[in-house]
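Written below as structure tokens is the structure these notes are about.
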Amino acid sequence: VKNASLTADGVFTSKIDNGLLVFVGVYDNDTEKEADVLASKIANLRIFEDENGKMNLSVKDIGGEVLAVSNFTLCGSCKKGRRPSFDNAARPETALPLYEHFCDYMKDAGVSIVERGEFGADMKVDLLNDGPVTLIIDSKELSR
């Protein structure tokens with residue numbers, strides 16, 4: 001994103017400039033291992049353009065920022081019926097610590113600024129997408 005900002009329950013909460021807006025969904029069987037793998041992958045993913053216009057730089061390489069937003073609806077299943085099921089989403093007592101761990105690991109992986117949403121709040125996200133480049137990264141699909 002060129003920039004992104006978030007309000008939670010009507011209160012301005014966080015803002016980033018050039019970097020990544022990351023929506024984080026935590027499944028009921030996720031662990032810190034999955035959070036670490038995802039955070040490392042995202043911090044090092046070469047999706048920003050270099051001087052030749054090629055996607056060759058990571059968010060760390062460009063000194064970019066990250067806004068990480070917890071989002072249980074990413075874990076929704078639409079396989080049956082017309083209403084999504086969120087049965088596979090982690091309960092808050094599991095999801096919150098893993099979301100926090102993910103954010104902390106992003107910083108440990110070298111991202112200097114990691115802003116956060118407000119877990120469990122009614123969040124409104126405003127963004128200026130760059131590209132747009134939108135990717136789905138699932139820890140279950142990553143080699144370990």
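Between the amide H of Val22 and those of Leu67, Ala68, Val69, distances stay under 5 Å, these residues lying 5 or more places away or on another chain, with hydrogens modeled in the peptide plane.
Set Lys and Arg Cβ to +1 and Asp and Glu Cβ to -1, take the dipole of the stretch 1-48 about its Cα centre, and tell me which of Thr31, Ser5, Ile47 lies farthest positive. Highest projection toward the positive end goes to Ile47.
Please report, in debye to the nearest 20, how large the charge dipole of the chain is about its Cα centre when each Lys and Arg carries +1 at its beta carbon and each Asp and Glu carries -1 there.
Values: 17 positive and 24 negative charges, 115 e Å.
Once rounded to the nearest 20, the dipole reads 560 debye.
Descending by average beta-carbon neighbour count within 10 Å, the peptides 31-39, 116-124, 81-89 line up as 31-39, 116-124, 81-89, the highest first. Helix content alone sets the calculated 222 nm mean residue ellipticity of the chain: runs of n ≥ 4 DSSP H residues at -39500 (n - 2.57) each, divided across all residues, give -7000 deg cm²/dmol.
Rounded to the nearest 0.05, what FRET efficiency is calculated for Cys78 and Asp130 with R0 set to 22 Å and r the Cβ-Cβ distance? Could you put the intermediate results ahead of the total?
On the way: r = 29 Å, r/R0 = 1.30.
Here the calculated transfer efficiency is 0.15.
Per the Debye calculation on the chain with a single equal scatterer at every Cα and no solvent contribution, log₁₀ I(q)/I(0) for q = 0.14, 0.18, 0.19 Å⁻¹ amounts to -0.68, -1.10, -1.20. Just the number, please: carbon plus sulfur as a percent of the accessible area of the chain, 1.4 Å probe, no ligands or DNA/RNA counted. Percent of accessible area from carbon and sulfur atoms in the chain: 48. Can you say what percent of the DSSP beta bridges in the chain, counting only those with both residues inside, are antiparallel? Round to 5. Expressed as a percentage, antiparallel bridges in the chain total about 60. Computed with a 1.4 Å probe over protein heavy atoms only, the accessible surface of the chain comes to 62 Å² per residue. Applied to the stretch 113-119, the Karplus parametrisation 6.51 cos²θ - 1.76 cosθ + 1.60 on θ = phi - 60° returns per-residue 3J(HN,Hα) values of 10, 10, 8, 10, x, 10, 3 Hz, with x for Gly and Pro. Listed values for the stretch 29-45 are Karplus-derived 3J(HN,Hα) couplings in whole Hz (6.51 cos²θ - 1.76 cosθ + 1.60, θ = phi - 60°), namely 9, 6, 10, 4, 4, 5, 4, 5, 4, 5, 4, 5, 4, 5, 4, 10, 5, and x replaces Gly and Pro.
The values are calculated or read from the model by the stated rules, or taken from the named source; none is laboratory data. These figures come from a predicted structure and were not determined experimentally. Note that we place each Cβ from the backbone using ideal geometry, even for glycine, and neighbour counts take in every protein chain shown. What goes into the accessible areas is simple: the full protein's heavy atoms, side chains included, and nothing from ligands, DNA or RNA. Shrake-Rupley method; radii C 1.70, N 1.55, O 1.52, S 1.80 Å.
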